[in-house]
1. Under 14 Å from a point placed 7 Å out from the Cα of K399 along the Cα-to-Cβ direction: which residues of the stretch 353-386 have their backbone N that close?
2. F343 accessible area, nearest 10 Å², 1.4 Å probe?
3. Let me know the Rg and Dmax you get for the stretch 234-304 when you use only its Cα atoms, in Å.
4. Mind checking the dipole of the stretch 2-58: about its Cα centre, +1 per Lys or Arg Cβ, -1 per Asp or Glu Cβ, Debye to the nearest 20?
5. State, to one decimal in nm², a quarter of the convex hull surface area for the C-alpha atoms of the stretch 134-275, i.e. the direction-averaged projected area.
6. Is the shape of the stretch 2-58 rounded, prolate or oblate, going by the alpha carbon gyration tensor and its root eigenvalues a ≥ b ≥ c, with a/c under 1.5 for rounded and a/b larger than b/c for prolate?
7. Heavy atoms only, probe 1.4 angstrom, no DNA, RNA or ligands counted: give me W253, W354 ranked by accessible area, highest first.
8. Quick one: which of K126/K361; K206/K351; K321/K350 span more than 21 angstrom between C-alpha atoms?
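The values are calculated or read from the model by the stated rules, or taken from the named source; none is laboratory data. Values in this document were obtained by computation on a predicted structure and should not be read as measured data. Glycine also receives a Cβ, built like all others from the backbone with ideal geometry; neighbour counts cover every protein chain displayed. The accessibility values were calculated without ligands, DNA or RNA, using every heavy atom of the protein model including side chains. Shrake-Rupley method; radii C 1.70, N 1.55, O 1.52, S 1.80 Å.
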Amino acid sequence: MVMSFRVSDLQMLLGFVGRSKSGLKHELVTRALQLVQFDCSPEVFKKIKELYETRYAKKNSEPGQPQQHRPPEALSIHSSYDRGSTVARTSLSTPNIDYPALYGKYLNGLGRLPPKVVKPEVRLVKLPFYTTLDELLKPTELVPQNNEKLQESPCIFALTPRQVELIRNSRELQAGVKSVQVVLRICYTDTSSPQEDQYPPNIAVKVNHSYCSVPGYYPSNKPGVEPKRPCRPINLTHLMYLSAATNRITVTWGNYGKSYSVGLYLVRQMTSAELLQRLKTIGIKHPELCKALVKEKLRLDPDSEIATTGVRVSLICPLVKMRLSVPCRAETCAHLQCFDAVFYLQMNEKKPTWMCPVCDKPAPYDQLIIDGLLSKILTECEDADEIEYLVDGSWCPIKAEKERSCSPQCPILVLGSSDVNGLLPTPNGNGENGKVTADVVDLTLDSSSSEEEEEEDEEDDDDDDGPQPKRRCSYEKGLVSAC
């Protein structure tokens, strides 16, 4: 029925449910088919029947036209009520079905199709590295078809010419990987809050005739800890037909009690450099606002017995132990310490965790700010690795204390006792006040050099004709080796 509608009929149907009425006819047909697949409420069916009957009633009322008519053959739409497939799909068959009779029985409550209960939709969290361009398939629950542990759920869809053009004209992030992609996202079927990507057990994704690679597990270095799998959007673009041809996607998954939903999206993948540039454009906090925050942190609390006169902030990034270049932190963090936005974005591009390295609390991208005051300090203070904020909002550098240099004199360990006055005897053999010099140990003497000297003496002894007595020690009399 929907396929036989004219543009005006399609616009009236889409306007009835509050959908966009702009676009070419094939785009309107696609929206109408999706409407039938996912929002097949009695009101929608009634509107479709009304538009259908109105059109053919006008056609039959014209003079010279026969009074009987037959509905044209159209694409049959198997919605989510079709338990033969858990994901809504479009079939290319054209059976001879009496659509008015079918929908009439349904509207009169005599059909087999149960009335659809409007439920809250499953929502997925927004991913900073992916910008959604189109929603090809809204999150749809994977419903098991039987009692088997391994289930299959197919989905058939086609790209519009505009979507194909976007993919073909997009730049390459790397060899064979376009920035505009068709991705598959899977999550728990939970409508209480936006859901993160979560794969079901034994997942496998087949696109047309080839299997798509799914991210593997991260090995765990801790004993007794199971390896984790990074759940990310699965890129299907390289296996799809970039034309008007239909694409078939089959999701194989393990049925172990938990419910999952899948969605298809046309996205543009961003890089860490692009996110950094966007953060520099819209995420810099003015130095005066940062200064006011410092004063607020150091403000005297009348209920506290301890007065804080300053707070130290390191200019070294806690992630890479290097000097900060773009000081950044989350607005939700209570500390003034910053981390480097460059390395933070690069690390989350490879393994997204979005956790603050200072306080170990969530620090998502949309809550990141660049500290304008600390950025200014980094340009003015180049010879210090730490600063201290004062109560008036000012700051002062804290230079590291230089290590004390070793004394140039050789350390000497006294083996004998000192005189009664506690004066240490000198190592020159003439003690103070004519006293006898005590035996001392020269700690600068290298044991390895003494051993080499001993080996040389032994070689010299071997060269002599007669046997020579072996020297026990090569040190001077009165000295003992420190080793």
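1. Zone members listed by number: 381-386.
2. 60
3. Rg, Dmax (Cα atoms, Å): 24.8, 72.
4. Numbers: 10 positive and 6 negative charges, 33 e Å.
Result for the stretch 2-58 is approximately 160 debye, rounded to the nearest 20.
5. Working: hull surface 43.7 nm².
Mean projected area for the stretch 134-275: 10.9 nm², to one decimal.
6. Details: a/c = 1.70, a/b = 1.11, b/c = 1.53.
It is oblate, given that a/c is not under 1.5 and a/b is not larger than b/c.
7. Numbers: W253 5, W354 35 Å².
These residues rank, largest area first, as W354, W253.
8. Among K126/K361; K206/K351; K321/K350, the Cα-Cα distance tops 21 Å for K206/K351.
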